[in-house]
Structures are given as structure tokens and as C-alpha cells.
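In what follows, a structure is listed as C-alpha cells, so that the remarks can point back to it.
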Amino acid sequence: MHWDIFCRVVDNYGDIGVTWRLARQLVAEHGLRVRLWVDELAALARLCPETDAQAARQMLCGVDVCHWSPLWPGGVAVADLVIEAFACELPEAYVTAMGQRAQPVLWLNLEYLSGEAWVEGCHALPSPQANGVAKFFFFPGFTPATGGLLRETDLLARRQAWQAGEFLQRLGVQPALGARLISLFAYENAALPAWLEALAQAPQPSHLLAPEGRILGDVQGWLGGQTLLPGECRQVGQLRIQLLPFLAQDDYDRLLWSCDFNAVRGEDSFVRAQWAARPMLWHIYPQAEDVHLDKLEAFLDRYVAHLPVVQAESLRNMWLAWNGRGDMRQAWEDYLRYWPAHRQHALDWAAQLARQDDLAAALVQFYRNWL
Ligand code: TRH
């Protein structure tokens, strides 16, 4: 089977993060021939440093990575299954060729992740096309009535066997004895200073690891305008802040497994933090008219559904505060009261999610059923 995945990098790293992970898994675990069409190879190069950002075509981890340039090349053979990631709009000539192909083609629009209830009703719905090609919506999600989440078959086993020591050493991280290790990946965030204050004045030391990115300006602002370079640390009270370089995607996973607490954002890091099975905090991608808050609440409803009320409230309040609704300092202190229970919950949640089929397997099954 030959699959094509199309990815347009709209913003940040989520679009390419998801499609690159999916492409690799389809090759490694399902033996498919996968072409990944990406319009911005520089974004892929951040996640996969072996990428040649100038190459029109290259093989990376068994994936045929093609630059999707505005000038669509002639003679591109249409694949058996075509994934249009996040409604990125396929090249017109390719859509025409799909309609003319002798063998049937399946066209899937892979949607953004949401925990909202309507997703179950829209997953796998057909989307009739003028060229007659069978097109369906494919929604990732948290329940068996959705397409599931990206999860490599051996992911949980690798995480369970993970020993952080050598990896942290390679990154130049030397946590103080008893320090809570925290990773920080977020957009610009007005709640950051309150959180850093709480960490700096807490009885337990914290070591915060921030890969370079959009939050850096806020971190430096809190440090009084000091510039932080990758590898450098600053100590304020009980808090040590260390800037890391932006990591390759697999190393970022390892960072999540190595930390006691992970602050993540967007879509892909959000899912990976759930698989890391450590207490976590989500900075959701902000959308116009605060529609992202519905998405946040919908996820929270699922995430805390079976927790005792006080623990659930402490988690909910902290996530809301981080996303601009509440006092982050107070919320963090309340949250810490239930720390052992939050740790257990993170493990239980990952185990519960893992009972569901993963997204790549669900895509392959969908194709088989359609045939
Ligand atoms: O980069 P993001 O903010 O992407 C977002 C979201 O996907 C959002 O839903 C979407 O609408 C918007 O883009 C356009 O966050 P996300 O999804 O977590 O993607 C980040 C990727 O970067 C993820 O694959 C992990 C990876 N990463 C690294 O590889 N190395 C790093 O050091 C870090 C911090 C992240």
C-alpha cells in the first residue's frame, strides 16, 4: 500500500509534529510506503535534525519526504490512501488526478484533536466530493468512538524501562537532590510569573527545564530582563531555571519521561505528556473569541471525571489559571496538596487511554474496512 500525507505548516510545530510521527509509525509498524508532503521543511528540520531543508525529496526514517512547493510537479502518481492533514487543501492537479485514477482512492481529512462530545458524531462521516472520490472526516480522540491517539506499539514499554540519568547528563542537567524536575513548553503566558514566584518560594526545590521557544521572553522578563542562553541556569530562591536547546522530537519525549511534571501546549506535546504518565499542565492553543476554553473544559471534564471532588477541583483550577482564568500561585499551591494522588492519576489515565486502538492502527483498519 502506498499512502500520501499532506501537511501545511500553519503555525508552530503541531501540524508537522503530528504528521511526521504518524508517517514514521505507518512505515515502521504497518509496512506502508509513505510519502510526506511538507510545505516548510525548516519546521521538520527542528524536529528531525537530519532533514535537509533544501532537498526536494529525501528518505528519512523510511519516509519519503517531499517538499510541497507551490509549483506542483507533473507526473506524481496518486496514492491508495491520501491524508489531508488539518484541512490543508490538496493541490488542485492532485485532486483531479485522484478522480481519474483507475483504482479507487480513499481520501481522509485528519482533523485536530478535541475532547468535545460532538467529535464522536462527526468521526468517520463522509464528505461527498465533486470528483467522485470517497472522502471522510477522521477525528483523533479520547474514546473508542473516535480515531484514537498517536501511540507507537512499544511506547509505554519504552517509557516504563526509561532511566533518565544518562540522558539528563547529555543535556547538561544536574538536578539538586530532592528537586522537582519540571519541563516547560508553552506560548507566551501571563500566568508564568505567578507560577515562578510560587516555585521560588516553595519549601521543595524545583528545577525547570525550558526548551527554547515562545515562552522564553516571559522567563527572561521574570528574571529582570537577563538573557538566557541554551544550557545556562539561573537560581532564584528554591527555583533553578535552565534553558535547553529545542530538542529533536524523540528527545523531547525522553524529556517528558524524565521530568516529574510537564507543562505542554498545543496538540502533539499534549498527547505525549499523557503517555509520559506524569502530572501535567496544558497550555491550549488560543483561538479567537476564547473558543479554545470550551475545548479545555471538555478535556478537563473527561480527565478529572473519576477523581475525588477536591482533587479534581485543584487540577481544574490550576489548568484554568494557566490559561488565563485564575490565580496561578494559589492554584499551584492547592494542587500540590494532592501531589501523590495526581501522580497516580497520571498513571491511571495513560493506562486507560492505552486500552483504545492507536490512531495509526485505526487509520489502517478504516482503510481495510473501506476496501
Ligand atoms: O507547536 P504547537 O503549539 O502546535 C500547535 C498545535 O498543534 C495547535 O493545535 C495547532 O492548531 C497549532 O500548532 C497550529 O504545539 P504541539 O502540537 O505540541 O507541537 C509541538 C511539537 O514540537 C511536538 O511534536 C513536540 C515537538 N517538540 C520538539 O520536537 N522539541 C522540543 O524541544 C519541543 C519543546 C517540542
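A short reminder: the numbers here are calculations on the coordinates, not readings from a lab. Just so we're clear, the structure is a prediction, and the values are computed from it rather than from any experiment. Using ideal geometry, Cβ is built from the backbone for each residue, glycine included, and neighbour counts are taken over all protein chains shown.
Placing +1 on the Cβ of each Lys and Arg and -1 on the Cβ of each Asp and Glu in the stretch 284-371, which of W349, Y335, A305 has its Cα farthest towards the positive end of the resulting dipole?
Working it through, the farthest residue towards the positive pole turns out to be W349.
Given 25 °C and 0.890 mPa s, how large is the Stokes-Einstein diffusion coefficient of the stretch 154-237 in µm²/s, with Rh as the Kirkwood radius over Cα pairs?
Stokes-Einstein gives a translational diffusion coefficient of 171 µm²/s.
Please compute the length gained on full extension between Q201 and D301, using 0.36 nm multiplied by the number of residues separating them and subtracting their Cα-Cα distance. Let's see the in-between values first.
Numbers: separation 100, 0.36 × 100 = 36.00 nm, distance 3.12 nm.
Length gained between Q201 and D301: 32.9 nm.
Order the peptides 295-302, 125-132 from the highest to the lowest mean number of other Cβ atoms within 10 Å of their residues. Before the final figure, lay out the partial values.
Values: 295-302: 16.6, 125-132: 10.6.
Ranking the peptides 295-302, 125-132 by packing returns 295-302, 125-132.
Going by average Cβ neighbours within 10 Å, how do the peptides 4-12, 336-344 rank, with the highest at the top? Kindly include the intermediate steps, with their values, before the conclusion.
Working: 4-12: 19.9, 336-344: 15.4.
Peptide ranking by packing, descending: 4-12, 336-344.
Starting from the Cα-Cα distance between C61 and A351, subtract it from 0.36 nm times their residue separation and give me the gain in nm to one decimal. Write out the running numbers ahead of the final one.
Numbers: separation 290, 0.36 × 290 = 104.40 nm, distance 2.81 nm.
The C61-A351 span can extend by a further 101.6 nm.
Running a GNM on the chain with Cα contacts under 10 Å, which residue among T153, T19, T227 ends up with the highest mean-square fluctuation?
Evaluated over the chain, the most mobile residue of the options is T227.
Starting from the 7 Å offset along Cα-to-Cβ, what nm value, one decimal, do you get for the label separation of A145 and E40?
3.5 nm
For the chain, what is the charge dipole size about the Cα centre, in debye to the nearest 20, if Lys and Arg each add +1 at the Cβ and Asp and Glu each add -1 at the Cβ? Don't jump to the answer; show the numbers that get you there.
Working: 30 positive and 42 negative charges, 153 e Å.
It works out to roughly 740 debye.
If each of A134 and E333 carries a label point 7 Å out from its Cα toward its Cβ, how far apart are those two points in nm?
So the label points at A134 and E333 sit 6.0 nm apart.
Between M1 and E50, what's the calculated FRET efficiency when r is the beta-carbon distance and R0 is 30 Å? Round to 0.05.
Values: r = 25 Å, r/R0 = 0.84.
Efficiency, from the Cβ-Cβ distance: 0.75.
At R0 = 51 Å, how high is the FRET efficiency between R170 and E92 if r is their beta carbon distance? Nearest 0.05 is fine. Show your work: numbers first, answer last.
Details: r = 47 Å, r/R0 = 0.91.
Computed FRET efficiency for R170 and E92 comes out at 0.65.
Relative contact order for the stretch 155-353: what is it in percent, counting Cα pairs under 8 Å that are at least 6 residues apart? Don't skip to the answer; put the middle values down first.
Numbers: 297 pairs, mean separation 43.2, N = 199.
Value for the stretch 155-353: 22 percent.
Between D250 and A77, what is the label-point separation in nm under the 7 Å Cα-to-beta-carbon projection?
According to this spin-label approximation, the distance is 2.9 nm.
Take A117, project a point 7 Å from its Cα along the Cβ direction, then tell me which residues of the stretch 297-321 have their backbone nitrogen under 18 Å from it.
297-306
For the stretch 155-353, report the translational diffusion coefficient in µm²/s to the nearest whole number, using Stokes-Einstein at 37 °C, 0.692 mPa s, and a Kirkwood Rh over Cα pairs.
Working: Rh = 17.0 Å.
Value of D from the Cα-based Kirkwood radius: 193 µm²/s.
Based only on the alpha carbon positions, what is the Kirkwood hydrodynamic radius of the stretch 1-138, in angstrom? Numbers along the way, then the final one.
Details: mean 1/r = 0.0644 Å⁻¹.
It works out to 15.5 Å.
Hey, what angle do you get for helix 14-30 against the long axis of the chain, alpha-carbon based, 0 to 90 degrees rounded to 10?
It is inclined by approximately 60 degrees.
In Å and on Cα atoms, what radius of gyration and Dmax does the chain show?
21.4, 69
Skipping prolines and chain starts, which residues have an amide H placed within reach, meaning under 5 Å, of the one on L150, given they are 5 or more residues away or on another chain?
Residues meeting the amide H criterion: L359.
Of all DSSP beta bridges in the chain, what percent run antiparallel (nearest 5)? Before the final figure, lay out each step's value.
Details: 9 of 50 bridges.
Taking every DSSP beta bridge with both residues in the chain, the antiparallel ones total about 20 percent.
In terms of modelled amide H atoms, which long-range or inter-chain residues lie less than 5 Å from the amide H of A263?
For A263, whose amide H was placed from the backbone, the distant partners under 5 Å are S183, L184, F185, L281.
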